[in-house]
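Structure first, then comments.
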Amino acid sequence: MTEKQTKDRAHDKAFANIHACDLDIRRLKEEIKLNLTPFITIEQNESILESSKQELKTWNYIAKLIELDHERIDYLEDHYKKY
């Protein structure tokens, strides 16, 4: 595998994780809003939401480092500041 292929794979993996975090955060917000937490308390769900937001921040940071190294800055301008 070439260095470019490795960087491309790292980039794709980081942004796949960012997308998954975004989906989790949206779902958790909706569950909290509608009080749809049949097996856990609202407080536990809110704690999971906060953890998901921290996970998103971590993946955004990793993605920023990857893009700076890979010279792909196009996505970061809008998304990194989202949460």
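Scanning the stretch 20-35 for residues that are free of Cβ contacts under 8 Å to residues at least 12 places away in the same chain and either basic (Lys, Arg) or surrounded by 12 or more Cβ atoms within 10 Å (Cβ to Cβ) (or both) yields a total of 4. Would you be able to tell me the number of residues in the stretch 14-48 that are out of contact with any Lys or Arg (no Cβ under 7 Å at 6 or more places or on another chain) and closer than 22 Å to Trp59 by Cβ? Matching residues across the stretch 14-48 total 22.
Which members of the stretch 1-54 meet the condition of being more than 26 Å from Glu67 (Cα to Cα), hydrophobic (A, V, I, L, M, F, W, C) and not in a helix (DSSP H, G or I)? Lay out the reasoning, then the answer.
Applying the first criterion (more than 26 Å from Glu67 (Cα to Cα)) to the stretch 1-54 yields 27-49.
Narrowing further to those that are hydrophobic (A, V, I, L, M, F, W, C): 28, 32, 34, 36, 39-40, 42, 48-49.
Residues satisfying the conditions are Leu36, Phe39, Ile40.
Residues of the stretch 1-19 that are surrounded by fewer than 16 Cβ atoms within 10 Å (Cβ to Cβ) and either in contact with a His (Cβ under 6 Å, 6 or more places away or on another chain) or among the small types (Gly, Ala, Ser) (or both): Ala16 alone.
Residues in the stretch 55-72 that are part of a helix (DSSP H, G or I) and free of Cβ contacts under 8 Å to residues at least 40 places away in the same chain: Glu55, Leu56, Lys57, Thr58, Tyr61, Lys64, Leu65, Leu68. Residues that are under 28 Å from Phe15 (Cα atoms), out of contact with any Ser or Thr (no Cβ under 7 Å at 6 or more places or on another chain) and either of a type in the set (Asp, Glu) or surrounded by 14 or more Cβ atoms within 10 Å (Cβ to Cβ) (or both) within the stretch 38-52 comprise Glu46, Ile48, Leu49, Glu50, Ser52, listed in sequence order.
Just so you know, all these numbers are worked out from the coordinates, no wet-lab data involved. Not measured: the values here are computed from a predicted model. All Cβ positions, even for glycine, are placed from backbone atoms using ideal geometry, and neighbour counts span all protein chains on display.
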